[in-house]
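Chemist: My questions all concern the structure below.
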Amino acid sequence: MVELVAKSPCGGRLPVEHGASRLSEVAMTRLTSLQPKQGQEKALSQALKSAHGMVFPAPNRATGKEGARAIWIGKGQAMLVGPEPDAGLAAHAAMTDQSDAWAMVRLEGAAAENVLARLVPVDLRQTVFKRGHSVRTMLQHMSVSITRISDEAFFILAFRSMAGTLVHDLETAMKGVAARR
Amino acid sequence: MRIKCPLCGERDRREFYYVGDAVLLERPDPEAGDHAWDTYLHLRDNPAGVTRDLWYHEAGCAAWVVVTRNTVTHEVLKTELAEKRRRKLVEGAS
Ligand SMILES: [Zn+2]
């Protein structure tokens, strides 16, 4: 038998650090998209709460914590990040395994906001974008999901095929911000 | 131009893909006849002023949005989920 080796989307490219920002890859984990069936939004939220400890996130929000998050990723859709989804969820939602389809990175540090300000056309400053807030938007020309997970850290999801571009664009902005200090 | 997505909030126009006149939500009955279908498919107004069209929040939440805007001033007057607008049409309201 051939021994297959799992390769992470940003493998070999991260972590990097420039000035007051640091970019690292989030370890590959289970990703499941959840789409509530018609009229099942509340039932799904309750099932999610009892199985994984978080409610179904409202638009522009994420629920849960490190290791088990539910992130709103579009109209009628959330991404469960971390746990193996409880089988009982299937009664209320269409579920798809997305584990290998996304690159996941963490951008943190005092300069993280300024780095994203160069790339994203949405205001992500702490005053308006707080912990647990999340957006679907663009990073340069790429579709991404960005969630604030702490005062100085963001969790970013991008399509796996764009991992190289994601790291390149973020690192270029990190260097630019660092150069201006 | 900035468009207020009913779900995501106000966003840059770059995040949206223009789909066409919102009349697309008013598909005639299959038996409505050639005239109704010809009008639905091909006849469009080109107003200098208020118009209503469909935009797709492609780089955001993937919702279809009905945008009422002014082609002269670029002012966005109203936005609504296409889903809601369609439901109203089906239920006979305007
Ligand atoms: Zn949206």
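The values are calculated or read from the model by the stated rules, or taken from the named source; none is laboratory data. The model shown is predicted, which means the values in this text are computed figures rather than measured ones. Cβ atoms come from the backbone with ideal geometry, glycine included; neighbour counts cover every protein chain shown. For accessibility, only protein heavy atoms count, side chains too; no ligands or nucleic acids. Shrake-Rupley method; radii C 1.70, N 1.55, O 1.52, S 1.80 Å.
Chemist: Quick check: net charge around residue A:133, other residues with Cβ under 10 Å of its Cβ, Lys/Arg +1 and Asp/Glu -1?
Modeler: Working: positive: A:61, A:130, A:131, A:148; negative: none.
Charge balance in the 10 Å sphere: +4.
Chemist: Between the stretch B:1-40 and the stretch A:1-62, how far is it from one alpha carbon centroid to the other, in angstrom?
Modeler: 33 Å
Chemist: To continue, here is another question. Just grab the label-to-label distance for residue B:2 and residue B:56, each label 7 Å out from Cα along the Cβ direction, in nm (one decimal).
Modeler: 2.5 nm
Chemist: Same structure, new question: Normalized C-alpha radius of gyration of the protein assembly as shown, against 2.2 N^0.38 Å?
Modeler: Values: Rg = 21.4 Å, N = 275, 2.2 N^0.38 = 18.6 Å.
Working it through for the protein assembly as shown, the quotient is 1.15.
Chemist: Shifting gears a bit: Counting DSSP beta bridges with both partners in the stretch B:48-94, what percentage is antiparallel, nearest 5? Write out the running numbers ahead of the final one.
Modeler: Values: 12 of 12 bridges.
Just about 100 percent of them are antiparallel.
Chemist: Still on this structure, I have one more. Name the residues of the stretch B:11-37 whose accessible area, probed at 1.4 Å, falls by at least 20 Å² once all protein chains are in place instead of their chain on its own?
Modeler: Those residues are B:11, B:14, B:15.
Chemist: Accessible area lost on pairing B with A, both sides, 1.4 Å probe, Å² to nearest 100? Write out the running numbers ahead of the final one.
Modeler: Details: alone 6380 and 9460 Å², together 14830 Å².
About 1000 Å² of accessible surface is lost on pairing.
Chemist: Counting only heavy atoms of protein chains, what accessible area per residue, in Å², does chain A have with a probe of 1.4 Å?
Modeler: Numbers: 8950 Å² over 181 residues.
That works out to 49 Å² for each residue.
Chemist: Which ³J(HN,Hα) values, rounded to whole Hz and listed in residue order, are derived for the stretch A:101-112 from phi using the Karplus coefficients 6.51, -1.76 and 1.60 in 6.51 cos²θ - 1.76 cosθ + 1.60 with θ = phi - 60°, glycine and proline given as x?
Modeler: 9, 10, 9, 10, 10, 10, 10, 9, x, 4, 9, 4
Chemist: Would you mind checking which residues have amide H under 5 Å from residue B:19's amide H? H placed 1.01 Å from N; only 5 or more apart, or other chain.
Modeler: B:54, B:55, B:56
Chemist: Now a separate question. Give me the one-decimal nm value for the distance between modelled label points at residue A:91 and residue A:27, 7 Å along each residue's Cα-to-Cβ direction.
Modeler: The answer from the label model is 3.3 nm.
Chemist: Counting only protein heavy atoms, what percent of the accessible surface of the protein assembly as shown is carbon or sulfur at a 1.4 Å probe? Walk me through the intermediate numbers first.
Modeler: Values: 7350 of 14830 Å².
Answer for the protein assembly as shown is 50 percent, counting heavy atoms of protein chains only.
Chemist: Using 0.36 nm per residue, how much length does the chain from residue B:36 to residue B:68 gain when fully extended, once their Cα-Cα distance is taken away?
Modeler: Values: separation 32, 0.36 × 32 = 11.52 nm, distance 2.37 nm.
So the chain would gain 9.2 nm between residue B:36 and residue B:68.
Chemist: Name the residues whose placed amide hydrogens come within less than 5 Å of the amide hydrogen of residue A:98, ignoring near sequence neighbours (fewer than 5 apart) on the same chain.
Modeler: Answer set, sorted by chain and number: A:31, A:32, A:33.
Chemist: Please list, ordered by chain and number, the residues whose modelled amide H lies under 5 Å from the amide H of residue A:54; skip anything fewer than 5 residues away on the same chain.
Modeler: A:49
Chemist: Using each residue's phi in the stretch A:155-167, evaluate 6.51 cos²θ - 1.76 cosθ + 1.60 at θ = phi - 60° and report the 3J(HN,Hα) Karplus result to the nearest Hz, with x for Gly and Pro.
Modeler: Karplus-based 3J(HN,Hα) across the stretch A:155-167 equals 10, 10, 10, 9, 4, 4, 5, 9, 4, x, 5, 4, 5 Hz.
Chemist: For chain B, what does -39500 (n - 2.57) per DSSP helix run (n ≥ 4), summed and divided by total residues, give at 222 nm, in deg cm²/dmol to the nearest 500? Present the calculation step by step, with values, prior to reporting the outcome.
Modeler: Working: 2 runs with 19 residues, N = 94.
Mean residue ellipticity at 222 nm (helix-derived): -6000 deg cm²/dmol.
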